[in-house]
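Enquirer: Encoded as structure tokens, here's the structure I'll be asking about.
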Amino acid sequence: MAKNQPKLEADLADATIHIRDHCLCLHAQRAARALARRFDDALRPHGITSGQFSLLNVLNRREPVAMGPVAKFLAMDRSTLTANLKPLERQGLVSIEVDPEDRRSRKLLITTEGRKVLRAAVGVWKHEHAALESEIGVDPEPLRAGLRAIA
């Protein structure tokens, strides 16, 4: 077995380089972290993170929405959604209400204060997003289409 060790290690080293250069999951994770940091920094003056901005946008509806569709759209499980809602609820940006039709379920609603924060943050997002698209230097629509297909 020891005589094959250098070959196995060389194969593993080659695989590592290939994965580093080609792995869509790795590159998506790195890009997601960089984008989140960028938008977190931009949104910080409004007291929210990029994830909270996305959540407020999903909740920006005329009627309360059940947790299931929100979790599905954001590609997260309900327990993660609940954990992400707690700080927004404490800040008074989101209301979590008992569903009158099913007392075991909860309905989510952006509050008036949540809409104020969202309205202010949208301007920051528009500016930052336009700058990002300009920096990319290519048409971002194929990238968006690919990401939607994966999600």
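Enquirer: What about ASP102, is it over 20 Å from ASN57 (Cα atoms), free of Cβ contacts under 8 Å to residues at least 12 places away in the same chain, open to solvent by less than 70 Å² (accessible area, probe 1.4 Å) and of a type in the set (D, E, K, R)?
Expert: Taking the combined requirement at face value, the residue satisfies it.
Enquirer: May I ask you to list the residues in region 36-54 that are touching a residue at least 60 places away in the same chain (Cβ under 8 Å) and under 11 Å from the mean Cα position of the chain (by Cα)?
Expert: Selection gives PHE39, PHE53.
Enquirer: List the pairs whose first member sits in region 130-151 and is closer than 28 Å to ALA71 by Cβ, whose second member is in a helix (DSSP H, G or I) and open to solvent by 70 Å² or more (accessible area, probe 1.4 Å), and whose Cβ atoms are under 9 Å apart, counting only residues at least 6 apart or on separate chains?
Expert: LEU132/LEU35; LEU143/ILE136; ILE150/LEU24
Enquirer: Sticking with this structure for a sec: Can you pull out the residues in region 113-141 that are among the aliphatic types (A, V, I, L, M) and either at pLDDT 95 or above or in a helix (DSSP H, G or I) (or both)?
Expert: VAL117, LEU118, ALA120, ALA121, VAL122, VAL124, ALA130, ALA131, LEU132, ILE136
Enquirer: Moving on. Give all pairs with beta carbons closer than 8 Å in which a residue from region 9-32 that is more than 19 Å from ILE150 (Cβ to Cβ) meets a residue that is surrounded by 11 or more Cβ atoms within 10 Å (Cβ to Cβ); count only pairs at least 6 apart in sequence or on separate chains.
Expert: ARG20/LEU26
Enquirer: For region 1-35, which residues satisfy the criterion of being under 12 Å from the mean Cα position of the chain (by Cα) and open to solvent by 80 Å² or more (accessible area, probe 1.4 Å)?
Expert: Across region 1-35, the qualifying residues are GLN29, ARG33.
Okay, residues lined up against (1) in a loop (DSSP other than H, G, I, E, B); (2) more than 24 Å from VAL117 (Cα to Cα):
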| site | (1), (2) |
| --- | --- |
| ASP11 | no, yes |
| GLY51 | no, no |
| VAL58 | no, no |
| ARG62 | yes, no |
| THR82 | no, no |
| LYS86 | no, no |
| GLU89 | no, no |
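Enquirer: Another one. Go through the residues of region 24-46 one by one and say whether even a single one is modelled with pLDDT of 95 or more, not polar (S, T, N, Q) and not in a helix (DSSP H, G or I).
Expert: Checked against the condition, which is being modelled with pLDDT of 95 or more, not polar (S, T, N, Q) and not in a helix (DSSP H, G or I), region 24-46 yields no hits at all.
The values are calculated or read from the model by the stated rules, or taken from the named source; none is laboratory data. Note that the structure is predicted; figures quoted are calculated from it, not measured. With ideal geometry, Cβ positions are generated from the backbone for all residues, glycine too; neighbour counts draw on all protein chains shown. Just the protein is used for accessible areas: all its heavy atoms, side chains included, with ligands, DNA and RNA removed. Shrake-Rupley method; radii C 1.70, N 1.55, O 1.52, S 1.80 Å.
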